[in-house]
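Accompanying notes for the structure given below.
The values are calculated or read from the model by the stated rules, or taken from the named source; none is laboratory data. What you are looking at is a predicted structure, and each value in this text was computed from that prediction instead of being measured. No Cβ is skipped: glycine too gets one built from the backbone with ideal geometry, and neighbour counts run over all protein chains shown. Surface accessibility is based on the protein's heavy atoms, side chains included, excluding ligands, DNA and RNA. Shrake-Rupley method; radii C 1.70, N 1.55, O 1.52, S 1.80 Å.
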Amino acid sequence: MIKWTVLSITFLLLSCQTKIESNSKQYFDFYNIEYYYNDFDRKKLLELSKNESNSELDSIKFGVIVGEVPNELTDTSFVEKLERIGYTKKPIKKSKFEEISNLFSEKVVTESNAYACTPIYRDVFVFKRKNKIIGTAKVCFDCRIHKITGTSLNTVDFGQNGDYERLFKLIRD
């Protein structure tokens, strides 16, 4: 009798855990991810700031690396210029898409960490479905700050509970 009770409770707990995980909402329903990386040196921030108004490309570079580009999902012209402003396109194996999708999902976090530094967005993710951009994410792993466009879900808690570290490991392996 005790054995059946323990088994029943274990089964019940496992099914609840599965239910909680399946209720998480992914930010993007994507088929492909384009990933770009820029090894921008923090020491060059002042130079980047001074050059911001020199040309349209310098302005875009500043906006992507430390600013608000893109402001919204419709602002996708910057993607075509990422390689021209110093980003390198790196492939992500499709076998990692599910785990990345789980990291880019709405979560409830009871305690979140914040860092006080100027973000340098060295990592840019472009999420696509049927060759159309459906979302973007800029991530500063040093400051634990992100800028995500293309979702109506709450992105405030993105990266918490070790998700920044998991994402970093996934893309840098």
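Structure notes:
- Efficiency of FRET from Cβ geometry, SER24 and LYS81, R₀ 30 Å, rounded to 0.05: 0.35
- Under 19 Å from the Cα of LYS107 - aspartates and glutamates, other chains or at least 8 residues apart: GLU21, ASP29, GLU98, GLU99, ASP157, ASP163, GLU165
- Apportionment of accessible area to carbon and sulfur, the stretch 34-173, percent (1.4 Å): 46 percent
- The alpha-carbon of LYS90 sits under 13 angstrom from the alpha-carbons of these aspartates and glutamates, leaving out residues fewer than 8 places away in its chain: GLU34, ASP39, ASP123, ASP173.
- Sequence ranges 35-46, 61-72, ranked by mean other-Cβ count within 10 angstrom, highest first: 61-72, 35-46
- In this simple spin-label approximation, LEU46 and ASP142 carry label points 7 Å from Cα along the Cα→Cβ vector, and these lie 1.5 nm apart.
- Spin-label model, ARG166 to SER53: label points 7 Å out along the Cα-to-beta-carbon direction sit 4.5 nm apart.
- Between the beta carbons of VAL108 and ASN71, assuming R0 = 25 Å, the FRET efficiency works out to 0.40 to the nearest 0.05.
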